[in-house]
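Accompanying notes for the structure given below.
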Amino acid sequence: MTAGTRIRSVEVLISSPSRNFVTLRITTEDGVTGLGDATLNGRELSVASYLRDHVAPLLIGTDAHRIEDTWQLLYRGAYWRRGPVTMTAIAAVDVALWDIKAKRAGMPLYQLLGGASREGVLVYGHASGRDLAALHDSVRTLTSAGFQAIRIQAAVPGITTVYGVSKVSTGRSSYEPAGRGALAVESGWDTDRYLRFVPEMFASVREEFGAELPLLHDGHHRMTPIQAARLGKDLEPYRPFWLEDCTPAENQEALRLVRQHTTTPLAIGEVMNTVWDFQTLIREQLIDYVRASVAHTGGITGLRRIFDYAALYGVRSGSHGATDISPVGMAAALHLDLAINNFGIQEYMQHDPLVAEVFHSAYTFEGGYLHPGDEPGIGVSYDDDAAARFAYEPAYLPVARRVDGTMHDW
Ligand code: CS2
Ligand code: MG
């Protein structure tokens, strides 16, 4: 073992600058630190306990250089496999160890992953509006800020609260789905109204902004396969960049039906955790983009395995980058995005400015592209003093009920 690379401490840090984040900090005997994102929206404390109570004791004294072996120890060694809590905990350890390794090498992480395959990482921003005029304003704000690809979501007439729609349209993505409080907020849902409205929304944005602007849309797991097939077909004239999470995709075979009916590109995966969750989707080429995040799929090691498998089938990356991915998770994703060949696009939902008080990150945005920066490691540091000002508060994602009260997928 290289002198000084034994793990001396493993700390679980919880802070809530505008929203909750769980961060893992690993320090070696010679004082090199690495950070990993362990945030699982609405279930934060279960990952914190998993790490603190069950993982940290296993890591103390082991060699921080042995990333693959540590990953296998945590995956195989738990006996209980997969699932978001386990894979988020493994991700946090994995990213922290990659951060340490890259710092010791004196290189930004992407250099250790094979070096840059492109100059920057194309991102998409979030536009939304209470009505179509407000949506257009939101798109305009993002294009003037330099965004070159935009996700569009708007309130559906007749439904009170809709996924992805900010109460105010600010351009900076102010939509934060997790609501503080001990109880999840309930929202209403009506798929028929939604299916009628979304093509109108695309038509109006295409009419206003032309044919070229890449437009994305998130269905947030709310459709049945035949409904998703219908929507995919209806959107074809507007050439969406992708339709995201059209069905709850833990039933991977369901995507066969959607695929048979539409050429609208499909993106899936933010709630998935391992390559096994994508096996049928990728092997049968039922999707075009893998939407997983570094933070929920076992880190750089786990997500790279998924992306490499996807590359064999012409499926590209489209990493999740919502506000519940901390700057640590975001930075890790950017290093991977820059390095892999089958990169597609990266979500960039900008954090509240308070987040930058706790996480100091080296990544930069210019002309629609993010770059992870060239600091050794992943390029993020954690400010303990600032973090102490923002105590954890329980916060939950909303739940959705149909008009007759039936629980629906949110
Ligand atoms: C979303 C997220 O960004 C997205 O595509 O689907 O906003 C998602 O709802 C949250 O990350 C859940 O934690
Ligand atoms: Mg989504």
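The values are calculated or read from the model by the stated rules, or taken from the named source; none is laboratory data. Since this is a predicted model, take the numbers as computed values, not measurements. Methodologically, a virtual Cβ is constructed for each residue, glycine included, from the backbone with ideal geometry; neighbour enumeration extends over all protein chains shown.
Out of all the residues in the stretch 322-344, which are assigned to a loop (DSSP other than H, G, I, E, B) and over 17 Å from R118 (Cβ atoms)?
The answer is A322, T323, D324, I325, S326.
Here's the yes/no breakdown for (1) within 16 Å of ligand 1 (Cβ to nearest atom); (2) aromatic (F, W, Y); (3) within 27 Å of T39 (Cα to Cα):
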site: L97; (1), (2), (3): no, no, yes
site: K103; (1), (2), (3): no, no, yes
site: L135; (1), (2), (3): no, no, no
site: A145; (1), (2), (3): no, no, no
site: P157; (1), (2), (3): no, no, no
site: V165; (1), (2), (3): yes, no, yes
site: E176; (1), (2), (3): yes, no, yes
site: G179; (1), (2), (3): yes, no, yes
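Taking the stretch 258-272, which residues are buried (at least 19 other Cβ atoms within 10 Å of the Cβ) and farther than 21 Å from F307 by Cβ?
Passing the criteria: V258, T262, T264.
Hand me the list of helices (runs of 4 or more DSSP H) wholly inside the stretch 1-98 holding 2 or more residues that are of a type in the set (S, T, N, Q).
Answer list for the stretch 1-98: 44-49, 67-76.
I'd like the full set of residues that are farther than 30 Å from V328 by Cα and part of a helix (DSSP H, G or I), limited to the stretch 281-295.
R283
What pairs can you find where one residue is in the stretch 11-22 and touching a residue at least 40 places away in the same chain (Cβ under 8 Å) and within 14 Å of L45 (Cβ to Cβ), the other is assigned to a strand (DSSP E or B) and small (G, A, S), and their Cβ atoms are less than 9 Å apart, with a gap of 6+ or different chains?
The qualifying pairs are S16/A395; N20/A395; F21/S15; V22/S15.
Given the condition touching a helix residue (DSSP H, G or I) at 6+ places or on another chain (Cβ under 7 Å), assigned by TED's automatic domain parsing to the domain that holds A310 and within 15 Å of ligand 1 (Cβ to nearest atom), answer yes or no: does some residue in the stretch 194-216 qualify?
yes
Filter the stretch 59-80 down to residues that are of a type outside the set (V, I, T) and either touching a His at 6+ places or on another chain (Cβ under 8 Å) or free of Cβ contacts under 8 Å to residues at least 40 places away in the same chain (or both), then give me how many there are.
10
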